[in-house]
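See below for the structure under consideration.
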Amino acid sequence: MILIINQKSYKIMKVYVIILILIMLLLKGMTRVCAQEYRREIDSVNSIVLYFKIDRAVLDSTYMENSGALKKLDDLIKNKLVISNLDSITIVASSSPDGNEVYNLNLSEKRAESVKIYIMEKYPMIKNELIRARYTGENWIDFKRMIETDKNVPCQEELISIINSNRKNEAKKWLIKTLGNGEAWRYIKKSFLPQLRTGAVCVIYYKPEPVEEEKEEVQQKEDEVLVPPRQPEPVVLPTPVSMTKPLFAIKTNLLYDVLSAANLEIEVPIGKRWSIAAEGIFPWWKASRADWTMQLLAGHATVKYWFGNRGRKEVLTGWNVGLFGGVGKYDLQFFDKDGEQGDFFDAGIQGAYAHEIGKYFRVEYSLGVGYLQRECKKYDKVNDTMHGDIKVFRYPWEVKRQQWFGPTSVRISLVWLLNKKNSKKRRRCEMKTIAYITGFCFTLACFSCNRDGLYYATEEQGFVRLNVNWQPAQLEPNGMSVYVFDHENGKAIGKRQICSDPNTMDLTLPVGKFDLLVVNNTEEELAALSFTGTDNLATFKACLAAKEEALYSNLLSKAEGATRSVYLTESDILASALFREIEVTPQDIHYFKERPEAGSHEVCRTVEVTPERRTDLIDIEIKVTNITSTAGAPRTHLTAMCEGMNMETATRYGNSVTHEFVLNNKRVDPDNYRVGTISKKLIAFGPELKNDAYVNKHRLVMHFVLVNGETHTVTLDVHDLMKTSHDGLQRVHQIRAEITLPEAIGNGEGVFNPNIEAWEEVETGLPI
């Protein structure tokens with residue numbers, strides 16, 4: 001960094017330097033004059049070296065050799081002979097010459113003050129005026145001595161020249177760090193700086209005999225003592241420094257007490273400048289017949305910072321500032337008037353001042369400013385109802401949210417300080433008093449759990465609005481059916497509720513938790529399906545309304561391994577949605593002194609559901625060679641299909657269903673009229689799958705009537721021909737196969753037969 005100094009600034013700096021030199025000379029002269037009053041022998045001085053961590057001013061007994069030094073200090077001060085002859089304790093603190101010079105000076109000051117505070121607190125028998133704290137900033141004297149005595153230092157002569165120059169310390173540091181591409185600085189950082197972070201020397205002086213004149217050697221020895229000597233490598237010891245601190249303080253807000261609002265606050269000091277406090281406010285008063293209520297349960301936490309010189313001020317005294325936050329609930333109603341219940345939270349900043357009114361007592365004045373938000377319900381008091389005198393939350397009910405910026409708390413608090421130094425008798429008295437206070441607060445807290453319940457002016461049923469979206473299922477049903485089940489045991493609650501509007505339905509539900517099953521259309525409209533086990537959600541099933549006998553008796557088919565077979569042409573499309581754990585609380589039930597008009601209700605909550613298709617699509621396509629040999633569409637059986645579905649788990653079951661249908665969708669190859677395709681798309685519950693594999697064996701049986709009047713049956717094992725996919729709407733099971741019919745020619749008598757199924761016309765393009 002390059003400093004640009006003009007001529008005027010240079011003159012001013014020159015004057016400051018001269019003044020500084022004069023002050024230093026004056027101080028040195030004063031030291032010599034004072035030293036002439038007493039002669040101190042070498043054994044009348046004890047020095048104790050203390051270390052600090054890098055960039056730290058907190059005294060740590062576990063760092064380097066601090067544990068032994070503090071023990072030595074303790075042994076000296078506890079010696080009655082030492083105390084009786086104590087003259088003074090001088091603390092000289094320093095820092096290593098790395099980093100910012102101003103910062104290092106402040107750091108050494110803090111270190112000296114830290115050692116002073118430690119001695120004042122641990123040894124109160126020593127008068128404060130006998131403890132002197134000095135700070136020297138960066139220790140260049142020892143730094144130079146180390147470089148001169150170590151021959152391995154790179155660029156030794158250049159380093160000594162830089163240190164002895166008249167440059168400013170910051171310039172010296174920059175030159176040292178850049179010398180030899182940083183080689184010298186790296187060596188210094190590794191070898192010297194750890195030893196230069198001595199931090200502080202505590203010098204104890206004893207009262208000597210007066211002499212006539214001062215000798216230069218004594219002053220020289222004193223100066224040498226003030227400079228921390230070179231120390232060995234750091235040794236970490238486990239013994240911590242114990243410091244005496246007050247236990248805590250008990251506080252009460254006198255303004256709240258005047259209003260009969262019981263309150264208690266506990267504040268714990270942390271170090272010298274910090275404290276934390278927790279406050280509880282718990283008046284829970286209520287007169288009979290709900291005529292008068294003042295119920296408040298609130299808690300606040302505050303973190304405080306204390307200003308001033310904490311080494312000279314008593315704990316928990318002076319100015320402080322803090323951040324606070326809290327939550328609470330309340331119920332306020334006076335003299336048979338309208339009341340209000342609600343919850344709130346607040347947060348902000350608090351300023352306070354505390355002063356002593358006795359050895360163990362304080363008075364604190366505080367003002368809090370911040371943000372407060374509350375949600376409240378206004379209610380009326382109603383007498384002589386079927387429930388007695390009650391508080392009624394009337395229709396249309398409204399929960400108001402109110403916000404406030406500004407003063408949120410005013411306190412004049414009485415503070416009772418509990419200190420470790422109290423006598424045993426006083427401690428017993430204090431603990432007895434604390435026990436009484438704790439018991440009183442606990443008793444109030446037991447009654448401060450719940451506010452009075454509000455009665456609501458509406459019907460005794462909760463109304464839940466059900467909004468159904470059928471678009472993802474691509475359905476437009478004529479209506480819907482809703483089945484309600486108890487969430488805990490799965491039992492059905494009342495009968496199914498039917499609505500002709502497929503999109504919206506208002507359900508009436510009592511208090512409790514419920515599961516809702518929504519189905520497209522009604523049971524009557526789903527002719528091919530039936531529902532069983534509807535009295536419980538776990539047993540609720542949708543199954544095919546199948547016949548025990550086949551329509552096409554000449555095609556009797558049975559699934560492999562099935563004990564029976566039922567027959568069905570095609571299923572209806574089934575879509576459903578299961579909405580779990582919808583809760584209707586007492587707050588959703590609204591009471592009127594007189595019931596409202598029929599049909600008048602208020603929806604307590606809205607539920608959005610989206611049903612999905614539960615049935616599958618079976619896509620069958622058979623390529624037929626010699627299709628000209630058949631007189632019509634073949635009657636067909638597809639075996640081993642599922643017969644139903646569990647509506648709770650949406651899982652299929654059974655393997656006994658045989659679907660009956662006709663492959664009457666015919667398409668002829670335009671390049672070869674003897675080759676064609678017959679197909680069918682069938683709605684069903686489909687085959688049973690496990691781990692994406694088919695569980696059962698499936699057969700496709702086709703019964704052809706040829707043009708010559710003969711019959712020809714083709715049976716295909718389609719277990720390995722089926723492929724399952726999902727088209728985003730439903731499961732699709734695709735069957736693709738090729739067969740060849742025998743060639744047949746009509747016998748001239750015609751092939752009309754009422755058992756022959758006609759073809760469906762399919763448009764297809766022909767090449768020209």
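A few comments on the model shown:
- Only listed residue being modelled with pLDDT of 80 or more and part of a helix (DSSP H, G or I), chosen from ILE117, ILE141, ILE176: ILE117
- Looking only at the range 298-315, and only at residues there that are farther than 20 Å from GLY348 by Cβ and touching a strand residue (DSSP E or B) at 6+ places or on another chain (Cβ under 7 Å), the one that is modelled with the highest pLDDT: GLY308
- Qualifying residue in the range 350-367 (condition: of a type in the set (Gly, Ala, Ser), over 17 Å from VAL415 (Cα atoms) and outside the structural domain of ILE131 (by TED's automatic domain parsing)): no
- The range 673-687 residues that are in contact (Cβ under 8 Å) with a residue 12 or more places away in the chain, paired with ones that are of a type in the set (Gly, Ala, Ser) (beta carbon under 8 Å, 6 or more apart): ILE678/ALA633; ILE683/SER571; ALA684/SER571; PHE685/SER571; PHE685/GLY644; PRO687/ALA640
- Residues that are within 50 Å of the chain's Cα centre (by Cα), surrounded by 17 or more Cβ atoms within 10 Å (Cβ to Cβ) and in a loop (DSSP other than H, G, I, E, B), drawn from the range 712-735: GLN730
- Test: residue in the range 479-499 that is free of Cβ contacts under 8 Å to residues at least 40 places away in the same chain and among the small types (Gly, Ala, Ser): yes
- Restricting attention to the range 99-139, the residues that are surrounded by 20 or more Cβ atoms within 10 Å (Cβ to Cβ) and within 16 Å of ILE54 (Cβ to Cβ) add up to 7.
- Evaluating ASP506 against the criteria (1) at negative phi; (2) crowded, with 17+ Cβ neighbours inside 10 Å; (3) in contact (Cβ under 8 Å) with a residue 40 or more places away in the chain leaves one unmet condition, (2).
- Residue match in the range 443-464 (condition: over 30 Å from LYS381 (Cα atoms), at pLDDT below 90 and either under 38 Å from the mean Cα position of the chain (by Cα) or of a type in the set (Gly, Ala, Ser) (or both)): no
- Criterion: under 14 Å from SER629 (Cα atoms), buried (at least 17 other Cβ atoms within 10 Å of the Cβ) and not β-branched (Val, Ile, Thr) - qualifying residue of LYS666, LYS680: LYS666
- Residue ID - nearest to LYS190 (Cα to Cα), chosen from residues in the range 93-107 that are modelled with pLDDT under 75 and of a type in the set (Gly, Ala, Ser): SER96
- Qualifying positions in the range 354-371 - without any contact (Cβ under 8 Å) to a residue 40 or more places away in the chain and under 19 Å from HIS300 (Cα atoms): VAL369, TYR371
- Any hit, the range 112-123, residues being assigned by TED's automatic domain parsing to the domain that holds VAL203, touching a residue at least 12 places away in the same chain (Cβ under 8 Å) and touching a Cys at 6+ places or on another chain (Cβ under 7 Å): yes
- For the range 45-92, the candidate set comprises residues that are touching a strand residue (DSSP E or B) at 6+ places or on another chain (Cβ under 8 Å) and among the small types (Gly, Ala, Ser); within that set, the residue that is modelled with the highest pLDDT is ALA69.
- Considering the range 316-350, the residues that are surrounded by 17 or more Cβ atoms within 10 Å (Cβ to Cβ) and not in a strand (DSSP E or B) include one that is modelled with the lowest pLDDT, namely LEU316.
- Single residue of the range 145-168 satisfying the filter (more than 16 Å from LYS189 (Cβ to Cβ) and charged (D, E, K, R)) that is surrounded by the fewest Cβ atoms within 10 Å (Cβ to Cβ): LYS151
- Unmet requirement for PRO396, which otherwise passes all of (1) loosely packed, with under 12 Cβ neighbours inside 10 Å; (2) in a strand (DSSP E or B); (3) modelled with pLDDT under 85; (4) not polar (S, T, N, Q): (2)
Condition check ((1) modelled with pLDDT of 90 or more; (2) acidic (Asp, Glu); (3) in contact with a Leu (Cβ under 6 Å, 6 or more places away or on another chain); (4) more than 30 Å from ASP671 (Cβ to Cβ)) across all residues:
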site	(1), (2), (3), (4)
GLY561	no, no, no, yes
SER565	no, no, no, yes
LEU568	no, no, yes, yes
SER576	yes, no, no, yes
ILE589	no, no, no, yes
THR610	yes, no, no, yes
ASP616	yes, yes, no, yes
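- Any hit, the range 265-287, residues being in a helix (DSSP H, G or I), at pLDDT below 85 and either outside the structural domain of ILE117 (by TED's automatic domain parsing) or among the hydroxyl-bearing types (Ser, Thr, Tyr) (or both): no
The values are calculated or read from the model by the stated rules, or taken from the named source; none is laboratory data. Keep in mind the model is a prediction, meaning the values are calculated, not measured. Cβ coordinates were reconstructed from backbone atoms using ideal geometry, including for glycine residues, and neighbour counts include every protein chain displayed.
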